[in-house]
Amino acid sequence: MLEKVRTSADAQARSWTSAFGHSLKGGDAAAVSQMFQADSHWRNLCGISWQIATFSGSRKLSEELCRRAREVGASGFEVDSELLPPRRAVVAGVEVIEAIFRFDTVNGPGVGVVRLVPSYGSDETKAWTISTLLDMEKISAARSSHRASVSHHRDFAETNWLDQRRVEVVFENREPDVLVVGGGHAGISAAVELKRMGFDTLVIDRQQRVGDNWRLRYNGLKLHNKTPVNHLRYMPFPPTWPDYIPKDKIANWLETYVESMEVNFWTRTSFEGAEYNEATQSWRAKVRRDDGSVRTLAPKHIVMATSVSGTPNIPSIATLENFAGKVLHSSKFAGGAEWRGKSVVVMGTGTSAHDICQELQANGAEVTMVQRSPTLVVNVDPSAQLYDKTYLGEGPPVDVRDLLNSSVPLEVLKASHKLITKEVRALDAVLLSRLEQAGFRLEFGEDGTGWPLKFRTRGGGYYFNVGCSELIADRKIALIQSTEIETFVASGLQLRDGSTRKADLVVLATGYKGQEHIVSSLFGAAVAARVGPIWGFDKESQELRNMWTRTGQPGLWFTGGAFSQCRIYSRFIALQIDAIETGRLEKASTS
Ligand SMILES: Cc1cc2nc3c(=O)[nH]c(=O)nc-3n(C[C@H](O)[C@H](O)[C@H](O)COP(=O)(O)OP(=O)(O)OC[C@H]3O[C@@H](n4cnc5c(N)ncnc54)[C@H](O)[C@@H]3O)c2cc1C
């Protein structure tokens, strides 16, 4: 029976894919349109044309598909059942046939995913979603320049691998093709893909040691997503690892990864800004080493990987100037131990606020959390993990899961996350109701879509509960609303009901700003204007703004976000830079 179902899914996928390839070749948009449901979507990740964009509606996507397919000579569409046998699946509550297909273009081989809506009792099967991307594996495998010679014949007086690595990393009398600013997982992932495409790449970071971006965070930190979601490309985590990776373990892994993947990395080096030289089509980038020396580098491209939430957001808080105690942004909070027996007010209800409150409470401080706006709270396990089902449990390798994950267009993702959020609210109902009884104001993301899209729109605004919510519900951590504050006074807070709250410390857990806030200070106002907003969805393309794609400024790129996002999308920076450097793509985006 199972075999029959499989065969039928396989047959339907093959028949649709072959007919699709045929119609596309004919360039008949009306015929292509007939093969899609009215509310269908095409997500293109540099697959058919260099754009990262989603097109919705059968008419629009067919016109775009036909035009772009003609430009890149897209042909040879056929199902690849070795990567994944076509199968039945349920996506956003809809039963579909899911299949991976391959095709060719002048830019290289492509791969994609189609989801068909089966029509029982009829031969007609229409597509609901389709994705297309260039196949980095095949493209880079076809090149050999990134591979060291495997010959054993050598002159024993010559430099060995270690000598060569030492020379490579110092960039003496040599300029990098690409400078990556920021060496967290985002910068490192981009560098690895760039190297794989043959680009001489340098990563710089002001931290003392690779991994300090995690090592220096608070004591009890573990990653929030399960280990299989967070793999780095080419070197997956060992299967013996725990479900949630502790901060020092991920820090050490990043260090090992940099070493093993031979990433050229300068620690203790700050990026102080860059100017673009139109004549040479390269940057003059000023970087300062911690011995005070300054070097001006001349890369053709700069990839900014300074985090989507890297700049502390310090809002002006009315009357805070009256407070005589210490005021710290959460990024400067060093630990709870020194506040034992003291009173602390924490402004904010995001992850940092909760974690700091919990650490202070555990260390014997009297803690008051101040809520400024409704916040999404989700139990870290299992609820928060339900959005990552693609990566959990038995199934295909992570590359195939990435292909499936990245094939889901925004509108379908929203529909899927709305259903999951409903399930999550039911699972977390007891906790959520106890929180509300304690006066905590809750929300569940735009249109009830949950935490992942909040991350992609705001970069935060939620809390994965690892125990602090219970402390609030049990009144072990006091909670007040910011509207209850009459004024800050020298000794703490004066509330509207006439009571006072003593405070020795006020922590501003008021979040972080994204990359667009540093563009003008590092590159100047004209570049900032050319680039525009970064992160958050663009209404027309339905994609994250200026991420992993050409920007309005030639040679300036942005990466960041979750491990899975950097693992999936970093390759597109490398592929596009390669296309630019080989004259197949304009340097800047014009849209
Ligand atoms: C508690 C917690 C748990 C999380 N769990 C997960 C998880 O499970 N899965 C997941 O995908 N994500 C998780 N995240 C979110 C996210 O992956 C991390 O915040 C991650 O650190 C982001 O990586 P990044 O490389 O973009 O930025 P960062 O790690 O912040 O790295 C940016 C680097 O840029 C450097 N830098 C900035 N400016 C300059 C400059 N001018 N010159 C030189 N260097 C500079 C900084 O020193 C820093 O090292 C978690 C976050 C937190 C806080």
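The values are calculated or read from the model by the stated rules, or taken from the named source; none is laboratory data. It should be emphasised that the depicted structure is a prediction, and the values quoted were computed from it without experimental measurement. Note that each Cβ is placed from the backbone with ideal geometry, even for glycine, and that neighbours are counted across all protein chains shown. Keep in mind that these areas ignore ligands, DNA and RNA; they rest on the heavy atoms of the full protein, side chains included. Shrake-Rupley method; radii C 1.70, N 1.55, O 1.52, S 1.80 Å.
To keep it simple, each residue is scored yes or no on (1) buried (at least 21 other Cβ atoms within 10 Å of the Cβ); (2) within 32 Å of the chain's Cα centre (by Cα); (3) at pLDDT 95 or above; (4) within 23 Å of SER309 (Cα to Cα).
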site	(1), (2), (3), (4)
VAL430	no, yes, yes, no
PHE444	yes, yes, yes, yes
SER469	yes, yes, yes, no
LEU493	yes, no, yes, no
- Task: Being within 19 Å of SER589 (Cβ to Cβ), of a type in the set (A, V, I, L, M) and within 15 Å of the ligand (Cβ to nearest atom) is the filter here, so list the residues in segment 512-526 that pass it.
- Result: VAL519
- Could you tell me which numbered condition VAL308 fails, if it satisfies all but one of (1) within 11 Å of the ligand (Cβ to nearest atom); (2) out of contact with any His (no Cβ under 7 Å at 6 or more places or on another chain); (3) closer than 30 Å to LEU493 by Cβ? (3)
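Considering each of TYR234, TYR218 in turn, give the residue that is among the hydroxyl-bearing types (Ser, Thr, Tyr) and modelled with pLDDT under 95.
Of TYR234, TYR218, the one residue that is among the hydroxyl-bearing types (Ser, Thr, Tyr) and modelled with pLDDT under 95 is TYR218.
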- Would you tally the residues in segment 39-50 being hydroxyl-bearing (Ser, Thr, Tyr) and part of a loop (DSSP other than H, G, I, E, B)? 1
- Conditions (1) touching a residue at least 24 places away in the same chain (Cβ under 8 Å); (2) under 25 Å from TYR257 (Cα atoms); (3) within 18 Å of the chain's Cα centre (by Cα): number failed by ASP578: (3)
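Out of curiosity, is ALA53 among the hydrophobic types (A, V, I, L, M, F, W, C), within 18 Å of SER407 (Cβ to Cβ) and part of a helix (DSSP H, G or I)? Show your work before the answer.
On the way: among the hydrophobic types (A, V, I, L, M, F, W, C): yes; within 18 Å of SER407 (Cβ to Cβ): yes; part of a helix (DSSP H, G or I): no.
No.
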- Among the candidates ILE568, ILE577, residue that is more than 16 Å from the ligand (Cβ to nearest atom), in a helix (DSSP H, G or I), farther than 30 Å from ALA318 by Cβ and of a type in the set (Val, Ile, Thr): ILE577
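Could you check how many residues of segment 28-38 are in a loop (DSSP other than H, G, I, E, B) and open to solvent by 30 Å² or more (accessible area, probe 1.4 Å)?
Let us first name the residues in segment 28-38 that are in a loop (DSSP other than H, G, I, E, B), namely 28, 34-35.
Now drop any that are not open to solvent by 30 Å² or more (accessible area, probe 1.4 Å), which leaves 28, 34.
Final tally of qualifying residues: 2.
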- Task: State whether the residues of segment 193-208 include one that is within 10 Å of the ligand (Cβ to nearest atom) and among the aliphatic types (A, V, I, L, M).
- Result: yes
- Query: In segment 470-506, how many residues are of a type in the set (D, E, K, R) and assigned to a strand (DSSP E or B)?
  - Reply: 3
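Looking at GLU78, is it open to solvent by 60 Å² or more (accessible area, probe 1.4 Å) and in contact with a Gly (Cβ under 9 Å, 6 or more places away or on another chain)?
Values: open to solvent by 60 Å² or more (accessible area, probe 1.4 Å): yes; in contact with a Gly (Cβ under 9 Å, 6 or more places away or on another chain): yes.
Yes; evaluated as a whole, the condition is true for this residue.
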- Item | Wholly within segment 171-281, helices (runs of 4 or more DSSP H) carrying at least 2 residues that are under 22 Å from MET547 (Cβ atoms) and open to solvent by 40 Å² or more (accessible area, probe 1.4 Å) | 185-196
- Result of the Cβ filter at 6 Å on segment 206-231, keeping first residues that are basic (Lys, Arg) and partners that are near the ligand (Cβ under 7 Å from one of its atoms) and open to solvent by 20 Å² or more (accessible area, probe 1.4 Å), at least 6 apart or interchain, is ARG206/SER270
- Message: Exactly one of these conditions fails for LYS422: (1) free of Cβ contacts under 8 Å to residues at least 40 places away in the same chain; (2) in a helix (DSSP H, G or I); (3) under 22 Å from ALA562 (Cα atoms). Give me its number.
- Response: (3)
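Applying the selection to segment 377-403, what residues are in contact with a strand residue (DSSP E or B) (Cβ under 8 Å, 6 or more places away or on another chain), open to solvent by less than 10 Å² (accessible area, probe 1.4 Å) and either without any contact (Cβ under 8 Å) to a residue 60 or more places away in the chain or not β-branched (Val, Ile, Thr) (or both)?
As a first pass, look at segment 377-403 and keep what is in contact with a strand residue (DSSP E or B) (Cβ under 8 Å, 6 or more places away or on another chain): 377-380, 384, 400, 403.
Imposing the further condition that a residue be open to solvent by less than 10 Å² (accessible area, probe 1.4 Å) reduces the set to 377-378, 384, 400.
Listed by number, the list holds a single entry, ALA384.
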- Task: Filter segment 506-547 down to residues that are touching a residue at least 12 places away in the same chain (Cβ under 8 Å) and either within 14 Å of ARG456 (Cβ to Cβ) or crowded, with 21+ Cβ neighbours inside 10 Å (or both), then give me how many there are.
- Result: 22
- Message: Quick test for you: out of ALA74, ALA38, ALA13, pick the one residue that is within 30 Å of TRP557 (Cα to Cα) and not acidic (Asp, Glu).
- Response: ALA74
- In segment 157-170, how many are within 32 Å of the chain's Cα centre (by Cα) and either open to solvent by 80 Å² or more (accessible area, probe 1.4 Å) or polar (S, T, N, Q) (or both)? 1
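Can you find even one residue in segment 378-386 that is part of a strand (DSSP E or B), modelled with pLDDT of 95 or more and more than 19 Å from PRO85 (Cβ to Cβ)?
Of the residues in segment 378-386, the ones part of a strand (DSSP E or B) are 378-379.
Pick out the ones that are also modelled with pLDDT of 95 or more and you get 378-379.
If we keep only those that are more than 19 Å from PRO85 (Cβ to Cβ) as well, we get 378-379.
Yes, segment 378-386 contains a residue that is part of a strand (DSSP E or B), modelled with pLDDT of 95 or more and more than 19 Å from PRO85 (Cβ to Cβ).
Condition (residue is within 20 Å of LEU544 (Cβ to Cβ) and of a type in the set (Ser, Thr, Tyr)) applied to segment 485-505: is it met by at least one residue?
Within segment 485-505, not a single residue is within 20 Å of LEU544 (Cβ to Cβ) and of a type in the set (Ser, Thr, Tyr).
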- Query: When both residues are 6+ apart or on different chains and their Cβ atoms are under 7 Å apart, which pairs have a first residue that lies in segment 284-311 and is open to solvent by 10 Å² or more (accessible area, probe 1.4 Å), and a second that is within 10 Å of the ligand (Cβ to nearest atom) and charged (D, E, K, R)?
  - Reply: LYS286/GLU272; ARG288/GLU272; ARG289/ARG268; ASP290/ARG268; VAL294/ARG288
